[in-house]
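None of the figures in this text is laboratory data; all of them are computed from the coordinates on show. Quick caveat, the model's predicted, so the values are computed rather than measured. Glycine also receives a Cβ, built like all others from the backbone with ideal geometry; neighbour counts cover every protein chain displayed.
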Amino acid sequence: MHDINLEDGDILAKQKELAKKNEDKLSLHGVRAINVMGAIGSGKTALIEAIHEKVKDNVRLGAVAGDVAGTDDYDRFERAGITAYNLNTHSDCHLDAHLVDHSLENMPLDDLDVLFVENVGNLVCPADFPLGTDREIVVISVTEGEDMVRKHPKIFSQSDLVVINKVDLSEAIGVNPEKPRTDYEEINPNGRAIFTAATRDKGIDELISALDILEN
Amino acid sequence: MHEYSIARELIDTLTDQVDEDRLTRTKKIHLELGELRVISKEALSQAFKIVTEDTILNGAELEFEEASLVARCQECGFEGEVNYDDDLSLHFSVPVLSCPDCGSSVDIVRGNELSVKSLTVEDSDSDD
């Protein structure tokens, strides 16, 4: 038996290369991209709709609707007037740089300022795949319970912006939204948590500002 | 279960850089896995086993070496291990991604690794 070494052993080298290609392409067209991660039903689509409603006169938003199957989120984006692309992974639990590359090829990038890439609803797998986006945010909602940060600490320790959504429901369901925020600040002291209620226009202005959506 | 995707990327990495003869004789694949990676070693080993069945890599086993987190402070120049949060009664302790000296934000120097360190290959006459 003997050992041999590889010239480049990085298993994600191809994904990183593709992610860099996406980043360059977005930058060339002057598009800033935001990877939106979070569980199914946390309100990722509703937050993008709410942001669009507030900035549509000044900012041209686009969205990639990443889902395992179906066009539900894509249809919502279209109805809201957001330039959208439907990206079904069919079986995969996350988006990767190749799928995003394919989406970019099918979007009018010259007509966009900001692109939301809505990842598949999942708090584990998307964290390991670079897409070439400028920012990564994680969305959770109070309806998922108080322990979301504690149950998925790694993705939160690496995200500098966390949205805690549906805070308008917290009293009715007996969940204290301060709990996930405190947990998050404990493992990521320099991160920022924003309380929102996407369908009640709460916290949306703060989120728009934190994501620099209005900046040219 | 993104370990199947990782297993496929691993196979591509190997087939791109190592010839078929050596891959057929590969017994162990030594991987470096950074602490910040959200990957199950058991699930990746199982996925690799299933995906490589009936291929030249059939029977090769994955061995893992963990790379601990090393961070560099963006303000004070500290470089080294960070503090860990053991208070949350989690299943594992969570690295606190801020400078243990001054509390500022840090860059990750080590901890994101996911790479092939080396392969253990059975000897053959063609190696000479």
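For an R0 of 25 angstrom, estimate the FRET efficiency from the Cβ-Cβ distance between residue B:46 and residue A:88 and round to the nearest 0.05.
Numbers: r = 26 Å, r/R0 = 1.04.
Efficiency, from the Cβ-Cβ distance: 0.45.
When Lys and Arg each count +1 and Asp and Glu each count -1, what net charge do the other residues less than 13 Å away from residue A:92, Cβ to Cβ, add up to?
-4
Grab the other residues whose beta carbon is less than 13 angstrom from that of residue A:26, score K and R as +1, D and E as -1, and report the net.
Result for the neighbourhood of residue A:26: -2.
What's the exposure ranking of A:195, B:64, going from fewest to most Cβ atoms within 10 Å? Write down the numbers at each step before the final one.
Values: A:195 19, B:64 15.
Ascending Cβ contact count within 10 Å gives the list B:64, A:195.
Given the DSSP H assignment, sum -39500 (n - 2.57) over each helix run of at least 4 residues in the protein assembly as shown and divide by its residue total; what's the result at 222 nm in deg cm²/dmol, nearest 500?
-9000 deg cm²/dmol
Kirkwood hydrodynamic radius (Cα pairs, Å) of region B:4-94?
Its Kirkwood hydrodynamic radius stands at 15.6 Å.
Using a Gaussian network model on chain A with a 10 Å cutoff between Cα atoms, which of A:40, A:51, A:11 fluctuates the most?
A:11
Give me B:55, A:143 sorted ascending by neighbouring Cβ count inside 10 Å, so fewest comes first.
B:55, A:143
For A:102, A:152, what's the fewest-to-most ordering of other Cβ within 10 Å of each Cβ?
A:102, A:152
Using label points projected 7 Å from each Cα along Cα→Cβ, tell me how many nm separate residue A:168 and residue A:212, to one decimal.
Placing both labels 7 Å along Cα→Cβ, they lie 3.1 nm apart.
In degrees, nearest 10, range 0 to 90: what is the angle between the Cα axis of helix B:41-52 and the longest Cα principal axis of chain B?
Approximately 30 degrees, to the nearest 10.
Please compute the net charge surrounding residue A:191, taking Lys and Arg as +1 and Asp and Glu as -1 over other residues with Cβ under 12 Å from its Cβ.
Local charge sum for residue A:191: -3.
Past 26 Å, Cα to Cα: identify those pairs from A:56/A:202; A:25/A:166; A:14/B:49; A:44/A:202, in the order given.
A:25/A:166
Which cross-chain or sequence-distant (5 or more) residues have an amide H under 5 Å from the amide H of residue B:82, H modelled 1.01 Å from N in plane?
B:71
To the nearest 0.05, what FRET efficiency results for residue A:29 and residue A:147 with a Förster distance of 35 Å applied to their C-beta separation?
0.30
Enumerate the amide H contacts of residue A:63 below 5 Å, restricted to partners 5 or more residues apart or on another chain; note that Pro and chain-start residues carry no placed amide H.
Placed amide hydrogens put A:83, A:84, A:85, A:116 under 5 Å from residue A:63.
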